[in-house]
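The values are calculated or read from the model by the stated rules, or taken from the named source; none is laboratory data. These numbers come from a predicted model, not from an experiment. Neighbour counts are summed over all protein chains in view; Cβ atoms, including those assigned to glycine, are modelled from backbone coordinates with ideal geometry. Heavy atoms of the whole protein, side chains included, go into the accessibility calculation; ligands, DNA and RNA do not. Shrake-Rupley method; radii C 1.70, N 1.55, O 1.52, S 1.80 Å.
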Amino acid sequence: MNVDTTSDPIGGGTATAVLTLEGIVVRFGGVTAVDGVSFSVAAGEVLGLIGPNGAGKTTLFDVISGVRFPSAGRVTLAGKDVTRTSPIRRARAGMRRTYQQVQTFGWLSVSDNVLAGLDWQGGGGGAIADLVAFPTRKRRERERRQRVDEVLELCGLTGVAGTPTAALPIGLARMVELARAIVDPPTLLLLDEPNSGLGEDEGRALAAQVQRIANETSCAMVLVEHDVDFIMSNCHRIVVLQTGSVLAEGTPAEIQGNAAVRNAYLGDS
Amino acid sequence: MTTFLSLVVSGAVSGGIYAIMASGLVLSYEASGIFNFAQGAVAFATAFLFFQLNTGQGWPIGWAALLSILVFAPVLGFLLDRILLRRLASAPVHARIVGTIGLLVALPNLVLFIAEQINLRGGDLPSSTGLGTVPGLGPVPSTTWTLMHGVVLNSDQIIIFVVAALSALGLWVLLRRTRLGLQMRADVDKRELAGLRGIDSGRVSAISWILTMLLAGLAGVMLGPFIGLDDITYTFVVLGCLAAVVFAGFRSLPFAFIGGLLLGIIQNLVAGYADNFLPSFIAGVSGLRTAVPFLLTLVGLFVLARRRGRAGGTASNEAPQPDHRDGLPKWRRWLPWIITVTALIVYVQFIADTFWSGLVLNGVVIGVVFLSFVVVTGIGGMVSLMQATFVTVGGFAAGWLVKHQYSSTTPVLMDNGHLNFFVAAILATLFAALIGALVAIPVRRLGTLAFALGTLSIAFIADLLFFQIDSIRNGSLGYLMNSPKLFGFEFTSNQSLTMMALVIFGIVTLVIHNLEVSATGRAVFAARSSDIAARTTGLSPDRAKVIVFAVSAGIAGLGGALYAVTNSPFTNTSAPAFVGLFWLAIVVTWGVRRPAGALLAGLTFSVGSAVFVKATDWNGVLKDIVGSSYFLPILFGLGAINLAKNPDGILALSAEQRADKKRKREAKKAAALAKSAAAAGTVPARVATGVRAATPGVATGAEALRLDDVRAGYGQIEVLHGIELTLGTHGALAVLGPNGAGKSTLCKAIAGQIMLSGGAVRVGDRDMSTAATHQRAQAGLLVIPESRGIFPGLTVEENLAIRLTEQSELEAAYAHFPILKERRKGAAGLLSGGEQQLLALAPALVRPPAVLIADEPTLGLSPKATEAVYETLEEVRGLGCAVLLVEERATHALNFADTVAVMSLGRITWAGTRDEVDSERLASAYLGGDIDLTEPPALEPTPPVVPLTPPDD
């Protein structure tokens, strides 16, 4: 199940990079939360993002997904500059993310949550057609539901397809978030602490999904995770952040042996 | 010049009233998060009482004012806080809005109702409440003075100036010069920290409501002589101060006060000079002066929305309300519908006379209007206070279309050279939807409250300005409509019209259902659950909101067209903005999420008042009470207050009871099952999963802090899985661990900021497991939270004074940290990070707590500042205070603490003295590796007890 962490990261060069960050700076008021971060992720690569509290991991995720615009620097998605593009446009261009605090659509059932991941494609007459339940519109929905059912099956959610997501335990809710993010096959998937709150079995199921996506699709993934074991065993490459800057970058084995990283966590001077 | 000065002076008078009202609104909004739409209702109620005491009972002004302003209004504020407002504070924003709107509807009617009932029972309360008969605080008749340039002032006006100035001064003294004021400002500045410093937020909220109501009552009594005693006028005038509230950004008291004064002056100047700069058709409209504040409010809201900009991830996420119909079979859901509609049809067709069938017809038509609330509030989660405006738009549009002569004679479409009503109604629907979209596009990004205030302002502006223009309203007589015709059939009887309305109601219900289960509906529900997740899934919440709002406007417009044809002539007063508030209250009472609620609400609205008319035939008390015109508004006002938190309203009650019963049955079954399992011994006892961390020198009686099997987390996520630790009265325990281990959660659980799901927290010998944050602080717990335990908006000295009440204590703190004395008048937020941390720690040096908890006190500090913080911690410890230090970076913490606990994924995985700490073991906790942390050598608490005098606090 584990990725062979000794091999070179897949791709790695900017030629095949799905996501490239160049000199990202984020300031809130007078505080610099992210200070000149650059890295890139290649298609099919799983990148782990770790660092002590306040290192700027979530801020960086917000910058990548467009929830927050950087004060300086450039975000490139599949060769296109998206630094100032809205999160909606980025999502439509193939970037999907999950959240540290699960953000399922609690009003909707599990299958509708996942279907919402395809809804942006529209078609069939738009909102006016919605009001009169126009057949063309309904046909599209039926087609999309087939794809939804496949993904539900894949994520082990078929049994709860009709349940409102607000009633789900955390492990299943995280799976719903993941299913919603992959139903429209993404080119870049951002997972923010996907393992937090999960039981051991659930964690294994999640890891299996991450492995499957990495092996079977060309989707690039970025993981933020506190569970070091999870990161070490699932990522090709790790970027360590400290107070807003990249402290180290390398394979899991390299990071584990890196003295600077130990210092960052332990505060040895 | 004289005109100008007169306008300014008299403007400043109404400005004084605005200033007082706006201050009150800002005060209570800041302290409780509730915007009080009922401010005018409270003002009215107080003024009414004052009038009855003074004019009615002949009390002298002083005594009447004392009882009404200083007793009645504050007591009302206190009771409302206890009964209503505190309960609302935790409700979703739209429930908070609906709650105070319910109060706005109920309170004035309740007051008038009581007066009416007293008179019916032989009382002799005066009822002449028109202009010129209502006294203010000044002498009656008022004395008049002429100032320079011929500016005239009377005693009532001067009293307003003086009282406004005095209340500004009073508020200033209270907030700046008293301990209570300091606590209130601290609470507003940073609520979580206020609790940690022993400030009771509930008490602060209650006091701010008492003050707000006092100010409302004060302004209300002074307003009387100028506007008479009419509750609607009161609400209009008081809501006018909205502009000042918005000008103050909902938070600055001085700005609210100045804004209020300016508003009064601007309003007067605009009205006075309108002829000079506005086109005559606007300048001539009588409502212009009253509309000015609402125009300014609208402008202010947009400026505010633009300035705050798009704040990522700040949209409020709303937890879904359970639908108790889940699990019911389809026929069971439809059954009540079929029965109701069949009964209605049978009644109208065969039983009812013209009077009653007319009322049913009206009820169904209003029901169509109410369906628009189901869309905008029930589905969209937005509170629109301008639905009545769309009704008027629809009615006017249909009227205008039908009125005009066309040369075409197309059958079906045309009818004697006039457009067929049904065609006109469809076009009116589209027109109203278009207007709705035009309104929604700019206001869609406003938050829920700003959206409600924005739509309210637009509704008032439309009423006061646009609908006053003769070419729009077709003169004061409005539009006359003939009976609708379709394929040669003329709908003239109430019976046929009711059928028509029912069919339309059915079609609209179907459209709503389609919308709900469509992609657009999913996008709306998605955005309500999580706006940001919807965006990052590629959905557009803005677009979905505009569509929903436009659909709701269209439905209201269609309702307006129907209303126009069944209640011809349709005028600009057929559906005033004000009645829209009452509508909202009724719909919410019945249930805003379902079309059935809209139908029942419509029928109640229409038939209800007639029942009360019929009640005149009855006898006795019931007739007096039910027959009162105030009864219905009171009923539904109170209903809205009660049901604001429940979107399914009355309709949900029976379903809820059914669901409750089912839950109880299942719980009983589960309990029985567990019992038998336990008896059979199949359930293993819970195994403690962590290690107890205990400082040396702990024995019974000498524990400063003790945690037993503490479990806590956020929502469903349990973060702490059974933490056990004991801190001796002199102990210093360092909790280390990587981020995500649950260290900050541990601090919050100890402080009471998150509730425990299991286990116990004891401070000294007191069980504090369920105590509120401020109670734990008062019991001797001082928590310095992550990211600085200071109030950034207060000055350095005020920060210290929250804990250090004596001047000598302040001096002692300054003696320790001269830098704080230098900066004592400056805002604490402007200090450097290190200075802020010293400021947070300084009170502990002067008045040591029993337990000090510091959560990453050196995060982001320079090495020098870090040294200073640790020196201070050492000193605090030297004063006999137990210290629990949470750190991610280990080095300094290891030098400071005598005992170390390592946390990982919500458990204490290792504990021991600092000499036993092995850096390899520590590293593996952070970076993973081979060392198995699940079975570490546990530390036995070393026995020798050092009983010491407990630190005073």
Query - Relative contact order for the stretch B:162-224, counting Cα pairs under 8 Å that sit 6 or more residues apart, in percent - result: 16
Query - Accessible surface of B:Trp172 - all protein chains present, 1.4 Å probe, nearest 10 Å² - result: 120
**Report entry** Spin-label pair B:Ser252/A:Ala93, simplified geometry with 7 Å Cα→Cβ offset, distance in nm
**Finding:** 3.9
Report summary line: So, relative contact order of chain B in percent, Cα under 8 Å, 6 or more apart, is 14
Query raised in the report: Carbon and sulfur: what percent of the stretch B:2-308's accessible surface (1.4 Å probe)?
Result: 68
**Report entry** Which of B:Ala91, B:Leu430, B:Ser205, positive extreme of dipole for chain B (C-beta unit charges)
**Finding:** B:Leu430
**Report entry** Using θ = phi - 60° and Karplus 6.51 cos²θ - 1.76 cosθ + 1.60, couplings along the stretch B:792-803 (whole Hz; Gly, Pro as x)
**Finding:** x, x, 8, 6, 4, 5, 5, 4, 5, 5, 5, 9
Report summary line: Nearest-0.05 FRET efficiency for A:Ala260 and A:Asp201 at R0 = 51 Å, using Cβ-Cβ distance, is 0.90
Query raised in the report: Per residue of A:164-170, what is the mean number of Cβ atoms on other protein chains within 10 angstrom of that residue's Cβ?
Result: 3
**Report entry** Nearest-10 value in Å² for the accessible area of A:Glu150, using the 1.4 Å probe
**Finding:** 110
Report summary line: Violations at 29 Å Cα threshold for listed pairs B:Lys545/B:Lys664; B:Lys623/B:Lys661; A:Lys57/A:Lys80; B:Lys330/B:Lys664; B:Lys330/B:Lys485; B:Lys545/B:Lys748 -> B:Lys545/B:Lys664; B:Lys623/B:Lys661; B:Lys330/B:Lys485; B:Lys545/B:Lys748
**Report entry** Drop in accessible area of at least 50 Å² in the complex versus isolated chain, residues of the stretch A:37-71, 1.4 Å probe
**Finding:** A:Asn53, A:Val67
Query raised in the report: With the other protein chains left in place, how much accessible area per residue, in square angstrom, belongs to the stretch B:749-873 at a 1.4 angstrom probe?
Result: 38
Report summary line: Between the residues A:Val114, A:Ala127, A:Thr158, the Cα farthest towards the positive end of the dipole of the stretch A:106-167, that dipole coming from +1 and -1 charges on the beta-carbon of Lys, Arg, Asp and Glu, is from A:Ala127
Query raised in the report: What is the list of residues in the stretch B:354-371 whose amide nitrogen lies under 18 Å from a point 7 angstrom out from the Cα of B:Trp337, following Cα to Cβ?
Result: B:364-365, B:367-371
Report task. Starting with the highest mean, order A:191-198, B:173-180 by the number of other Cβ atoms within 10 Å, averaged over the residues of each peptide. Result -> A:191-198, B:173-180
Query raised in the report: Which percent of the accessible heavy-atom area of the stretch A:106-167 goes to carbon and sulfur, probe 1.4 angstrom?
Result: 56
Report task. Would you please state which residues of the stretch B:177-203 a label at B:Ser90 would reach in this model, taking the label point 7 Å out along Cα→Cβ and a backbone N cut-off of under 17 Å? Result -> B:192, B:195, B:200-203
**Report entry** Amide H contacts under 5 Å for B:Arg197, placed H, 5+ residues apart
**Finding:** none
Query raised in the report: Which percent of the accessible area of the stretch B:700-927 is formed by carbon and sulfur heavy atoms (probe 1.4 angstrom)?
Result: 49
Query raised in the report: Can you list the residues, at least 5 places off or on another chain, whose amide H is less than 5 Å from the amide H of B:Gly728, using H built in the peptide plane?
Result: B:Thr695, B:Ala704
Requested in this report: Quote the FRET efficiency, to the nearest 0.05, computed for B:Thr573 versus B:Phe355 with a Förster distance R0 of 22 Å and r equal to the Cβ-Cβ distance.
Outcome: 0.45
Query - Net charge dipole size for the stretch A:183-269 [Lys, Arg +1 and Asp, Glu -1 on Cβ; Debye, nearest 20] - result: 260
Query - Under Karplus coefficients 6.51, -1.76 and 1.60, residue-wise ³J(HN,Hα) of the stretch B:287-297 in Hz, glycine/proline x - result: x, 4, 4, 5, 7, 3, x, 6, 4, 5, 4
Report task. Compute for chains B and A the buried accessible surface, both sides summed, probe 1.4 Å, and express it in Å² to the nearest 100. Result -> 4600
Query - For chain A, calculated [θ]222 nm from helices alone, where every DSSP H run of n ≥ 4 adds -39500 (n - 2.57) - result: -11000 deg cm²/dmol
Query raised in the report: Gaussian network model of chain A, Cα springs within a sub-10 Å range: biggest mean-square fluctuation belongs to which of A:Leu131, A:Leu168, A:Leu21?
Result: A:Leu131
Query raised in the report: Given charges of +1 on the Cβ of Lys and Arg and -1 on the Cβ of Asp and Glu, with all other atoms neutral, how large is the dipole of the protein assembly as shown about its Cα centre, in debye to the nearest 20?
Result: 3040
Query raised in the report: Under a GNM of chain A (C-alpha, springs under 10 Å), which listed residue has the highest mean-square fluctuation: A:Asp130, A:Asp62, A:Asp149?
Result: A:Asp130
Query raised in the report: Out of residues 5 or more away from A:Gln242 or on other chains, whose amide H comes under 5 Å of its own, with H placed 1.01 Å from N in the peptide plane?
Result: A:Leu247
**Report entry** ³J(HN,Hα) computed for each position of the stretch A:41-48 - Karplus, 6.51 cos²θ - 1.76 cosθ + 1.60, integer Hz, glycine/proline x
**Finding:** 10, 8, 4, x, 9, 10, 10, x
Query raised in the report: To the nearest 500 deg cm²/dmol, what mean residue ellipticity at 222 nm is calculated for chain B from DSSP H runs of n ≥ 4 alone, each contributing -39,500 (n - 2.57), summed and divided by the residues?
Result: -18500 deg cm²/dmol
Query raised in the report: Between B:Leu269 and B:Lys864, what is the spin-label point distance in nm, taking each point 7 Å from the Cα along the Cα→C-beta axis?
Result: 5.2
Requested in this report: From other protein chains only, count the Cβ atoms within 10 Å of every residue's Cβ in A:112-121, then give the mean.
Outcome: 5
Query - For the stretch B:459-549: accessible area per residue (Å², 1.4 Å) - result: 37
Query raised in the report: Relative contact order for the stretch B:693-784: what is it in percent, counting Cα pairs under 8 Å that are at least 6 residues apart?
Result: 31
Query raised in the report: Can you give the extra length, in nm with one decimal, that the chain gains between B:Leu480 and B:Asn119 once fully stretched, where that is 0.36 nm per residue apart less the Cα-Cα distance?
Result: 125.9 nm
Report summary line: With the 1.4 Å probe rolled over protein heavy atoms, the stretch B:11-124 has an accessible area per residue in Å² of 31
Requested in this report: For helix A:135-154, report the angle its Cα long axis makes with the longest principal axis of the Cα atoms of chain A; keep it between 0 and 90° and round to the nearest 10°.
Outcome: 50
Query raised in the report: Residues of the stretch A:125-155 with accessible area at least 40 Å² lower in the all-protein-chain context than alone (1.4 Å probe)?
Result: A:Ala127, A:Asp130, A:Leu131
**Report entry** Efficiency of FRET from Cβ geometry, B:Phe487 and B:Tyr347, R₀ 35 Å, rounded to 0.05
**Finding:** 0.85
